[in-house]
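What follows is a short report on a single structure.
The values are calculated or read from the model by the stated rules, or taken from the named source; none is laboratory data. Keep in mind that what you see is a predicted model, and the values were worked out from it rather than measured. Note that each Cβ is placed from the backbone with ideal geometry, even for glycine, and that neighbours are counted across all protein chains shown. For the accessible areas, the whole protein counts, side chains as well, though only heavy atoms, and no ligand, DNA or RNA atoms are used. Shrake-Rupley method; radii C 1.70, N 1.55, O 1.52, S 1.80 Å.
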Amino acid sequence: MSSLTLDGLVKRYAGTTALDDVSLEVRDGEFFTLVGPSGCGKTTTLRCVAGFETPDAGEVLFGGNSVVGVPPEERDVGVVFQQYALFPHMSVAENVAYGLRFADDPPDREERVADLLNLVGLKGFEGREPSALSGGQQQRVALARALAPEPDLLLLDEPMSALDARLRERLRREVREIQTELGVTTIYVTHDQAEALAVSDRVAVMAEGHVEQVGTPEAVYREPATRFVAEFVGENNVFEGVVRDGRVDVEGERFELPAPDGRTTFCVRPEAMQVDGGRNRLTATVEYAEFLGEAVRVGLSWRGHDLVVRTGSVPEREELVVGFDPEDAVVVE
Amino acid sequence: MAGSRTGRERSRRAERVALPLAGLATAALLVVMLYYPVGTVLVEAVTRDGAPSLAPLLDVLRDPFYVGALAGAVRDPAGVPAGVVAWVATSVADVLTALAAVPGAVLAPDRSGLDALAAAWATFVGVFPPFGLFGFTAWQALLSTLASLALGLPGAYVLARFEFPGRRTLQSLTAVPFVLPSIMVAVGFVAAFGTNGPLNDLLRALGLPTVDLLFSLEIIVLAHAFYNAPLVTRVVAAAWESVDARAVETARSLGASPLRAFRDVVAPQLAPAVATGALLTFIFTFMSFPIVLALGGLKLATVEVWLYDRVQQLALTEAAALAVLETIVSLGLTYAYLRYEDAASRGDRVASPLEREPLVGLDAKRLALVGYALVVGLVFVLPLVSMLVASVTGPNGLTTRYYDFLLQREATAATSQTKPGVAVRNSLLFGAGTLALSVPMGLVLALASLREGVASRLVGVAAMAPFAVSGVVVGLGMLQGLVFGVDVFGTRLAVGGPVAIVAAHAVGAYPFVVRNVSPLLGGLDRRLVESARALGATRVRALVDIEVPLVMPGIAAGAAFAFAISIGEFDSTVILAEGSNAYTMPVAVERFLTDRTLGPATAMGSVLLVVTAASFVVIDRAGGRYRE
């Protein structure tokens, strides 16, 4: 078990900067998620932690000790990839046992393999070939293989992305349970913000090679620090305007907003928008309505801006008066 | 316990330096075996009396014997425009005369029409000024390329579009001509198409006039087609198989006729493969040596043969100048080929390939294929069969005298004479040595060429350099640089002929290992290696545990090629084995060939054929265990 510190990581590839001054603290035993759109640098960060990439600048510290320059095989990390990367010429047991060959005090091989397969719910699969397994089963073997040498750090690179939605949800709960049971510090990389919110102790939202915000899932959702986080994590209605004396002017409409004077950006969640309610009201045109089961998602157009509102029923009018209370508006950078 | 841990630490440290060391060793071997020897030859072309000079190169370029009409242009560049104008003025008249004769010739009912056509063609060809030795070399390479395309493309059509028993075997067989020793093929062609060969026997039996093909351009072109048509077939059939049936179906559904769909959808996808095959054929035939030497002699010498002759006459500066110019041409072509192949290489396997037709049935198309099969039999089967038959046929019917001759030579020959047994033993030893060198080298180079960055692209090109450098030059360089010895810090270092021969064979063989292994290695998910390393494996362990088992089929195929290439190599061996006991089977064939009868050479050639075929099959089978 180990804590992880990234300090000012920079990684450049032929002209583009993949990581631009990335600094993070991951606590011992934490389930920590890097989330962001593709190309944001989350996988590159993970690869620097694993030792597959060497950062151009900055430090990677395991439990306070620098590991820059240490090859991957000396870092005691376990890695699970999206594509599973099981060794196709080895059986399930041989895959799981592979890392034990290099352990300083190798445990009993068969016992350890059986324990791990039991842990991931694949009891008795020792003799199977990887190609004979389903995607979910392969991912479980990959997890067991990564955990077998008891790594200090478990690195999961989009491990669920190739699986279907229901299996993904079940497997991510299982992964979280196993992680809690073993207490292994885990870095989880995903582009799926809902998944990130569901499983993590803390989340780092990344964009264009830097960290936008670090916090608990709740903090990131309720108090997004930047406009990017506000729009990436869940849905949001974003407004820009100028504040004077507790009122903000947006497209000529004046709303109540307790914020310091000057230009500001603020956002309101779709579920905080009320039809025919709220202290700040506006009249918008209905563009579309989607029935989601538990709610209806209504798309609105207001003075050239797209807005989204969640309501209980499909609107019957073409024009809708919606509003929000000033307490529900979150000012972002 | 603690003891075993330090032991483990030590072996890990060793593993960590193993790969860089292997890389260095490979680079060092390349320098010693290829760059340095070739460099010593080429340097001679740009020095005169010890000082750097372009004179040797210019001498060649100014000599009409080598470059024909271009010599004038090099001597007097200012006169080029006037010369071109004068040439156009005179040749337009000739071309018009030739064209005017064509309609009358086509309409003529009897043989005179053919003669008239031939005369018109001769007039037309006569318009072009001669371009000397280089011009002839390019001309025969062009004709050989056209012949290979003509012979190879129908084969690609048959293999890609028809289903029949033995199709896969036939497809595998297309790899075989490429590894057949060229000197043996030459003997086969002499046996098949010589004055008393089966072709002329047949013509005589039919009461037709016989043909004398020996020492003619036709037989050289035919022998080149023997080698390269299967290459064209392989490359084009592979491209044809990767054509997506859905694309053709889409074209048909949009209203295209089958022919139109072929033209618009299939042909554009085949074009790069055809061009690749043609370019490769041109490169190989431009540099071809034993075929031309044995079937054409000095009368029809190409640059490579003339180069060999200059070496024999000890005109080394002239030889070096020729080698430089030849290398420039072939390197340029090889570079073009690699660029083109890069651009044309296809990614994934096609989900829905075109459905194959059954071959049975009778219609015009299939009748044409029967005709094609006859031509294939004539070109590919007849020479080999003729050689085997000729080795057991004397003037009075069946005989074992030629094999008896071999045995007798073995028992009684003086040390200076060529012993068949020694040749077989040498060939197998050198083959084993070549395997031991070229397989690890090829693997290391394949790994290096797959890394990202400019350096690895250079490695990729450098790895292919042996394709572009003439075997005669490599042999000559080794002879001068290694066998005669070099002074290093006051100590004279020299290696024996056998070591130099193995080195030369390894140089010729390792590119085949690289080419067989690289695609498989490149196709592996890099996360496999990364997973192994995260689990505690060093880079070398990951290579041994994960990559090598997964690319084993490629390694086995590369090894089979390497061994077969070593067994058949002639160009550099003939130079390095000169006057020593390090001769191989192909050299023995050539030595027996210079005797009065074809018999001993065909017998030795048959032995060579059996050994080559057996070793290719054994090595390929050994690797085949790893295949699905």
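The set of residues in segment A:286-333 that are more than 15 Å from A:Pro270 (Cα to Cα) and touching an Asp or Glu at 6+ places or on another chain (Cβ under 6 Å) contains only A:Arg303. Cβ-Cβ contacts under 6 Å between residues 6 or more apart (or on different chains), taken from a first residue in segment B:541-552 that is more than 8 Å from chain A (Cβ to nearest Cβ) to a second residue that is crowded, with 22+ Cβ neighbours inside 10 Å and at pLDDT below 90, are listed as B:Val551/B:Val517.
You will find that of B:Thr90, B:Thr123, the residue that is more than 29 Å from B:Ser216 (Cβ to Cβ), assigned to a helix (DSSP H, G or I), polar (S, T, N, Q) and modelled with pLDDT under 75 is B:Thr90 and no other. For first residues located in segment A:156-184 and on the phi > 0 side of the Ramachandran plot, partners that are assigned to a loop (DSSP other than H, G, I, E, B) and among the polar types (S, T, N, Q) and lie 6+ apart or on another chain with Cβ distances below 7 Å form the pairs A:Glu158/A:Gln82. Number of residues in segment A:259-293 that are part of a loop (DSSP other than H, G, I, E, B) and in contact with a strand residue (DSSP E or B) (Cβ under 9 Å, 6 or more places away or on another chain) equals 10. For segment A:74-89, does any single residue satisfy the condition of being surrounded by 14 or more Cβ atoms within 10 Å (Cβ to Cβ), over 24 Å from the mean Cα position of the chain (by Cα) and more than 11 Å from every other protein chain (Cβ to nearest Cβ)? Taking every residue of segment A:74-89 in turn, none turns out to be surrounded by 14 or more Cβ atoms within 10 Å (Cβ to Cβ), over 24 Å from the mean Cα position of the chain (by Cα) and more than 11 Å from every other protein chain (Cβ to nearest Cβ). State whether one or more residues within segment A:60-73 are at the interface with chain B (Cβ under 8 Å from one of its Cβ atoms) and charged (D, E, K, R). Yes, the conditions are met somewhere in segment A:60-73. Residues in segment A:185-226 that are farther than 20 Å from A:Leu46 by Cβ, without any contact (Cβ under 8 Å) to a residue 24 or more places away in the chain and not in a helix (DSSP H, G or I): 1 in all. Within segment B:99-113, not a single residue is open to solvent by less than 80 Å² (accessible area, probe 1.4 Å), modelled with pLDDT of 75 or more and touching a Gly at 6+ places or on another chain (Cβ under 9 Å). Can you say whether B:Gly72 is open to solvent by less than 40 Å² (accessible area, probe 1.4 Å), within 14 Å of another protein chain (Cβ to nearest Cβ), part of a helix (DSSP H, G or I) and modelled with pLDDT under 75, as far as the supplied structure shows? Judged against the criteria, B:Gly72 is not a match. Taking A:Leu153 as the residue in question, decide whether it is touching a Ser or Thr at 6+ places or on another chain (Cβ under 7 Å) and aliphatic (A, V, I, L, M). Spelling it out, A:Leu153 is indeed touching a Ser or Thr at 6+ places or on another chain (Cβ under 7 Å) and aliphatic (A, V, I, L, M). Take the conditions open to solvent by 30 Å² or more (accessible area, probe 1.4 Å), farther than 18 Å from A:Pro151 by Cα and either within 14 Å of another protein chain (Cβ to nearest Cβ) or not aliphatic (A, V, I, L, M) (or both) and apply them to A:Thr54. Does it pass? When the stated conditions are applied, A:Thr54 passes them.
Scanning segment A:304-318 for residues that are at pLDDT below 90 and open to solvent by 70 Å² or more (accessible area, probe 1.4 Å) gives A:Gly304, A:Gly312, A:Ser313, A:Val314, A:Glu316, A:Arg317, A:Glu318.
In segment B:502-528, the residue that is farthest from B:Pro440 (Cα to Cα) out of those that are in a helix (DSSP H, G or I) and at the interface with another protein chain (Cβ under 9 Å from one of its Cβ atoms) is B:Arg527.
So that you can scan it fast, the table gives a plain yes or no per residue for (1) of a type in the set (Lys, Arg); (2) out of contact with any Phe, Trp or Tyr (no Cβ under 9 Å at 6 or more places or on another chain); (3) loosely packed, with under 12 Cβ neighbours inside 10 Å:
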| position | (1), (2), (3) |
| --- | --- |
| A:Pro224 | no, no, no |
| A:Arg227 | yes, yes, no |
| A:Phe232 | no, yes, no |
| A:Asn236 | no, yes, no |
| A:Val242 | no, yes, no |
| A:Gly252 | no, yes, yes |
| A:Phe255 | no, no, no |
| A:Pro258 | no, yes, no |
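Of the helices (runs of 4 or more DSSP H) lying entirely inside segment B:175-278, those containing at least 1 residues that are farther than 30 Å from B:Leu298 by Cβ are B:176-179, B:198-205, B:217-241, B:245-253, B:258-261. In segment A:133-168, of all residues being assigned to a helix (DSSP H, G or I) and surrounded by fewer than 16 Cβ atoms within 10 Å (Cβ to Cβ), the one that is farthest from the other protein chains (Cβ to nearest Cβ) corresponds to A:Arg166.
Of the residues making up segment B:12-24, not a single one is out of contact with any Asp or Glu (no Cβ under 7 Å at 6 or more places or on another chain), closer than 17 Å to B:Thr327 by Cβ and open to solvent by 70 Å² or more (accessible area, probe 1.4 Å).
Yes or no: B:Thr584 buried (at least 24 other Cβ atoms within 10 Å of the Cβ), in contact with a helix residue (DSSP H, G or I) (Cβ under 7 Å, 6 or more places away or on another chain), in contact (Cβ under 8 Å) with a residue 60 or more places away in the chain and farther than 17 Å from B:Leu428 by Cα? The answer is no for B:Thr584. Scanning segment A:96-118 for residues that are facing another protein chain (nearest Cβ under 9 Å), of a type outside the set (Lys, Arg) and part of a helix (DSSP H, G or I) yields A:Tyr98, A:Gly99, A:Leu100, A:Phe102.
This table checks each residue for (1) outside any loop (DSSP other than H, G, I, E, B); (2) open to solvent by less than 80 Å² (accessible area, probe 1.4 Å); (3) on the phi < 0 side of the Ramachandran plot.
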| position | (1), (2), (3) |
| --- | --- |
| B:Leu384 | yes, yes, yes |
| B:Leu388 | yes, yes, yes |
| B:Leu407 | yes, no, yes |
| B:Thr418 | no, yes, yes |
| B:Gly421 | yes, yes, yes |
